[in-house]
Amino acid sequence: MQPASRIMEGADEAPLLSLRAITKTYGAVEALKGVDIDVHAGEVLAICGDNGAGKSSLIRIVSGAQEPTGGTIALRGEPIRLRSPQDALQRGVATIYQDLALAPRLSIAQNVFLGSELTRPVLGLPFARLLDKRRMAEEARGYLQRLAIDVADMTTPVERLSGGQRQAVAIGRALRWDAELIIMDEPTAALGVKETAQVLDLIRRLRAEGRTVILISHNMADVVSVATRVVILKSGRKVTEEPTVGLDADTLAHMVMTGKKP
Amino acid sequence: MKKMLASLALGANFVAAALLPTAAHAFDLVVIGFQMSSETHARVANAASAAAKQKGWNVSVLNSEGSLPKHAEQLDTLVQRKPDAILIAMGKPVEAEAQLKSAKDAGIPVLTVMAGTSAHTLFDIQVNEYKVGAEAALYLLGQMNYQGNILTQRFDGNVGTRIRGKVLDAVLSENTGVKVAGTHTMARTQSWRDDVRNGMQALLLKNQGQVQGIWASFDGQAYVIDDMLKAQGVKKGEIPLVSIDGGVDTYRRIADPESTLTATVAIPFEEMGKQAVEALDTIVVKKQPKDSVTAGPYLFLDAVLVDSRNVKQFMGN
Amino acid sequence: MRHFLSTYGTALAGLAIVIFFAVATPAFATPGNLSIILKETSFLAILALGFALALMTAELDLSIAEVASLAAVITGALVHAGQPVWIAVAAGLGAGLLCGVANGLAVTSLRVPSLIATLGTAAVAKGLAFMITQGVAFVGRWPTGFTGLARGSLLGVPNLVWWLVGVAATIFVFVNWTRAGSHLVATGEAEEAARLAGIRTARMKRLGLGLSGLLAGGTAVLLAASVSSAAPNMAGDHFLYAIAAVLLGMTMFTPGKPNVIGTLVAAFTLKALGNGLILLGAAYYVQDIVLGLIIVGSVALSAAAMRRAAFVKKLSFRT
């Protein structure tokens with residue numbers, strides 16, 4: 001498989017993530033009917049499609065939340081299985097879920113380090129380790145600053161932050177894992193104009209840092225604004241794959257609806 | 001700040017006055033009912049409280065809710081409050097020994113009703129449960145001419161009812177013409193009425209037509225059985241139903257020709273409450289020696305067998 | 001100011017109650033009486049902290065009182081039978097832990113809602129307690145090695161208070177300063193987010209419910225040692241008080257969240273209230289009525305805190 005995909009790409013370097021013939025069925029329902037997608041390092045790939053096109057299934061598979069029914073996944077040319085979100089995280093694939101990313105009443109630092117808290121030894125005892133709250137706060141601040149987000153107090157509960165700041169906290173967690181591939185599920189849904197601009201700016205910063213982003217979005221203006229390439233799914237199949245250069249939101253919307261360029 | 005404290009004190013006194021029934025300096029009696037949800041405990045406590053109020057005493061009633069830790073906590077707290085006397089209805093002097101001792105050390109006289117004796121209390125007002133149990137058992141057997149099968153409804157979670165059951169066993173062991181066809185032991189304390197109904201229903205079905213008498217360890221159980229027998233069309237006297245405790249509802253049932261309840265041994269709960277207050281009045285207020293009330297650790301009151309012949313006398317009060 | 005009131009309001013109300021009793025009745029603020037309140041607080045607070053740990057993982061443990069009663073009966077039976085104290089204590093703690101783990105497994109593996117699972121465990125524990133005792137309490141002159149666990153004192157401070165301080169401090173550090181503790185809290189705060197972040201949320205729920213059972217066992221051992229007897233319903237009346245302590249605790253310090261310090265302050269307040277009412281000579285039912293009002297009131301207050309949070313959330317977009 002691997003050499004074949006290399007030949008197909010016609011490049012020396014394997015794609016960062018390569019999905020081949022991915023299928024997913026839930027009982028009698030076929031959510032994905034054999035999807036091939038390559039994600040190249042450094043790009044912002046948008047995945048679009050109407051409801052039921054298979055976007056969510058695809059995300060769950062790439063994030064490790066579910067395993068595909070069939071097909072293969074390769075990361076940097078190496079075939080892998082993603083058994084759990086942690087498995088994916090450890091391989092540098094972080095997913096920011098639309099609604100489930102954060103614990104609203106926990107602090108910024110707690111959210112950035114959720115599940116991977118930093119500890120320090122106490123009294124030099126080998127097994128006694130307590131949370132290193134100061135270091136977590138410092139590092140969390142560092143991640144947010146890299147995203148050009150300035151919040152004074154890292155102990156602020158996330159529920160008191162604006163929508164854009166929350167996305168930054170969620171991305172901060174991905175940075176804490178030093179994730180190479182960051183998957184963002186509808187990051188601008190329900191955000192106002194200013195907040196949306198802030199989130200799009202976050203995505204550009206990630207790209208500038210050399211990270212790869214998969215963006216799932218219904219907002220065609222956002223997609224043409226930040227994505228470098230777009231894949232359109234329809235009824236569980238990939239129908240189009242295009243660079244976004246020269247595309248406008250209306251054309252893209254037409255493509256999502258019909259599967260064809262106007 | 002001083003002003004605030006003063007007004008706080010004023011408010012506190014006001015609330016305290018609202019909570020306390022009478023003014024200070026009256027004789028201060030605390031009555032503890034071990035489990036006020038049990039009718040007999042409440043009857044003793046309420047009668048004592050009423051008698052004490054008649055004397056112009058200051059009474060407060062506490063409920064240990066059947067919980068020993070709570071009982072101990074209340075006694076500990078009362079030692080701090082230092083009332084003039086404590087009256088405990090159906091307490092557990094063995095378990096609460098440490099608390100009773102500290103009450104004695106603090107100079108607070110403690111009197112108990114149907115609780116058992118303790119070196120740290122004045123004495124215990126009792127009916128002789130062994131006598132009561134024998135009275136009920138022999139009455140039931142007499143109604144059956146010492147022949148036939150009985151069903152027994154027991155409760156072992158309480159000393160008194162347990163003794164009654166043991167005495168019944170002793171009586172039965174000497175009178176072998178009467179057999180126990182079935183026994184149900186009440187296990188639950190909250191929904192015990194359901195427990196009794198289910199248990200007895202099953203025993204009655206199993207032994208249909210072969211039961212000549214029913215024994216219940218306390219009247220509350222007998223009420224449940226009585227209602228069940230009535231619903232099955234059993235007439236008074238067909239299956240004698242005998243139990244122990246007494247009380248307004250019991251007397252009403254014994255007098256009622258529709259009811260199947262035949263007899264009870266009436267324990268004078270109200271009288272015990274009153275006598276307890278009288279005893280405290282004599283010993284603590286009037287400073288008479290304890291021996292002028294009773295010599296031993298017990299003050300025994302008489303329990304009376306009540307059936308259709310004498311029930312009228314009891315219905316008046 | 002509003003933030004201050006919402007954070008410390010009910011704690012101040014508790015302080016006001018204490019001051020009120022101190023002024024209203026001279027017997028209240030004596031060292032002897034305060035020591036009684038502290039001792040009584042220890043039983044309640046240790047039991048309530050267990051409930052709080054389960055609640056931190058968003059599970060209800062309604063079995064604490066019956067589990068404590070069962071553990072007390074088991075401990076009592078062994079002490080009564082002349083077994084070494086440490087065996088009796090270990091058996092009591094073990095019984096509590098076992099019930100808690102059973103709750104945890106029922107909730108996580110069998111997917112029974114904790115409300116139902118723990119009610120079931122409560123019924124089983126109650127039945128077992130009656131089975132062991134046949135309704136009769138274990139009473140006796142127990143070895144001082146056992147009763148001393150609750151009755152003795154060290155450096156002039158009652159042992160019960162030491163136990164309380166030790167248990168509460170351990171739980172405080174665990175919850176606020178360890179990874180496992182923060183995973184426990186995260187599980188209750190946002191289960192799905194925690195799971196996606198790699199936290200083993202099912203394990204955390206088992207831990208929370210298991211600890212709740214263990215602390216019920218600990219409470220039972222101390223209760224049995226304190227009154228040197230063990231009866232099948234002995235912890236029953238602690239149930240509502242423990243829940244009230246946790247709920248009231250949720251109205252202070254970190255409003256809307258079960259927390260250690262709040263639970264301690266609330267437990268002390270409740271016990272001071274009960275004590276003060278007895279000293280004032282209030283009728284027994286007053287205490288029940290006040291308790292009921294506190295439960296409803298504190299839930300209303302913490303619900304208000306949660307609604308405020310939800311309101312803020314709505315104002316500033318979705319997560």
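Since every read-out is calculated from the coordinates, none of them should be taken as a lab result. Note that the structure is a prediction, hence the values are computed from the model and not measured. Every residue, glycine as well, gets a Cβ built from its backbone with ideal geometry; the counts of neighbours run over all protein chains shown.
What the table below lists for this structure:
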item: Dipole moment magnitude, nearest 20 debye, chain A about Cα centre, only Lys, Arg, Asp, Glu C-beta charged; result: 500 debye
item: The stretch B:294-309 - phi-based ³J(HN,Hα) in whole Hz, Karplus 6.51/-1.76/1.60, Gly and Pro as x; result: 7, 7, x, x, 10, 10, 8, 10, 8, 9, 10, 6, 10, 9, 4, 6
item: Shielding by partners - mean other protein chain Cβ count within 10 Å, residues of C:225-236; result: 6
item: Global form of the stretch B:129-266, assessed from the alpha-carbon gyration tensor, a/c cut-off 1.5; result: rounded
item: Packing-based exposure ordering (other Cβ within 10 Å, fewest first) of B:Ser118, A:Ser235; result: A:Ser235, B:Ser118
item: Cα centre as origin, Lys/Arg/Asp/Glu Cβ charges: the stretch B:31-153 dipole, Debye; result: 320 debye
item: Whole-angstrom gap from the stretch A:234-262 to the stretch B:30-63, using each part's C-alpha centre; result: 85 Å
item: Per-residue HN-Hα couplings for the stretch A:27-36 [Karplus 6.51, -1.76, 1.60; θ = phi - 60°; Hz; x = Gly/Pro]; result: x, 8, 8, 9, 7, 10, 10, x, 10, 10
item: Pairwise FRET efficiency - A:Asp201 versus A:Thr258, Cβ, R0 = 30 Å, nearest 0.05; result: 0.45
item: Computed P(r) (all Cα pairs; chain B; 20 Å bins; percent); result: 30, 49, 18, 2, 0
item: Residue order, fewest to most surrounding Cβ atoms within 10 angstrom, among B:Val196, A:Val213, C:Val161, A:Val169; result: C:Val161, B:Val196, A:Val213, A:Val169
item: Nonlocal amide H pairs with B:Ile244, under 5 Å, H built at 1.01 Å; result: B:Phe218, B:Asp219, B:Val265
item: Average other protein chain Cβ within 10 Å of Cβ, residues C:27-36; result: 3
item: Local electrostatic count at A:Arg20 - Lys and Arg +1, Asp and Glu -1, tallied over other residues with Cβ under 10 Å; result: -2
item: Among A:77-84, A:88-95, C:94-101, B:177-184, the order from most to least packed when residues are scored by Cβ within 10 Å on average; result: C:94-101, A:88-95, B:177-184, A:77-84
item: Antiparallel bridges, percent of DSSP beta bridges restricted to chain A (to nearest 5); result: 60 percent
item: For A:Val35, B:Val304, B:Val293, order by how many other beta-carbon atoms lie within 10 Å, fewest first; result: B:Val304, B:Val293, A:Val35
item: Amide H within-cut-off set for A:Thr25, under 5 Å, with H built and near neighbours excluded; result: A:Ala31, A:Thr69
item: Cα-based shape type of chain C, given that a ≥ b ≥ c are square roots of the gyration tensor eigenvalues and the cut on a/c is 1.5; result: oblate
item: Rounded, prolate or oblate (a/c below 1.5 giving rounded, otherwise prolate when a/b exceeds b/c) for chain A by Cα gyration tensor; result: prolate
item: Placed amide H near A:Ile96: partners under 5 Å, 5+ positions off or other chain; result: A:Ile183, A:Met184, A:Asp185
item: Cβ-defined net charge surrounding A:Ala208, 11 Å radius [Lys, Arg +1; Asp, Glu -1]; result: +3
item: Cα centroid of the stretch C:89-121 to Cα centroid of the stretch C:22-51, whole Å; result: 30 Å
item: Scaled radius of gyration (Cα, divided by 2.2 N^0.38 Å) that the protein assembly as shown gives; result: 1.23
item: Partner chain coverage, peptide C:281-293 - average Cβ within 10 angstrom; result: 4
item: When each of B:Lys70/B:Lys104; A:Lys33/A:Lys55; B:Lys55/B:Lys101; A:Lys55/A:Lys194; A:Lys133/C:Lys257 is checked by Cα-Cα distance, pairs over 23 Å; result: B:Lys55/B:Lys101; A:Lys55/A:Lys194
item: Listed peptides A:200-206, C:214-220 by packing density, highest first (mean Cβ within 10 Å); result: C:214-220, A:200-206
item: Those lysines that a straight Cα-Cα span of less than 20 Å connects to B:Lys235, excepting residues fewer than 8 apart in one chain; result: B:Lys206
item: Extension gain, C:Arg200 back to C:Ser109 (0.36 nm per residue minus Cα-Cα distance, nm); result: 31.4 nm
item: Charge context of B:Pro109, other residues only, Cβ under 15 angstrom, K/R +1, D/E -1; result: 0
item: At most 12 other Cβ within 10 Å, DSSP loop - GluC sites (Glu not before Pro), the stretch B:246-317; result: B:Glu258
item: Under the Karplus curve 6.51 cos²θ - 1.76 cosθ + 1.60, θ = phi - 60°, whole-Hz ³J(HN,Hα) for the stretch A:129-144, x wherever Gly or Pro sits; result: 10, 10, 4, 9, 5, 5, 5, 4, 5, 4, 5, 4, 4, x, 4, 5
item: Alpha-carbon centroid distance for the pair the stretch C:186-258 / the stretch B:160-230, whole angstrom; result: 41 Å
item: DSSP-defined beta bridges in the protein assembly as shown - what % are antiparallel, rounded to 5; result: 40 percent
item: Helix runs (DSSP H) in chain B reaching 15 Å along axis by Cα, Kyte-Doolittle at least 1.0; result: B:2-19
item: Protection proxy ranking, peptides B:28-41, C:288-301, average beta carbon neighbours within 10 Å, highest first; result: B:28-41, C:288-301
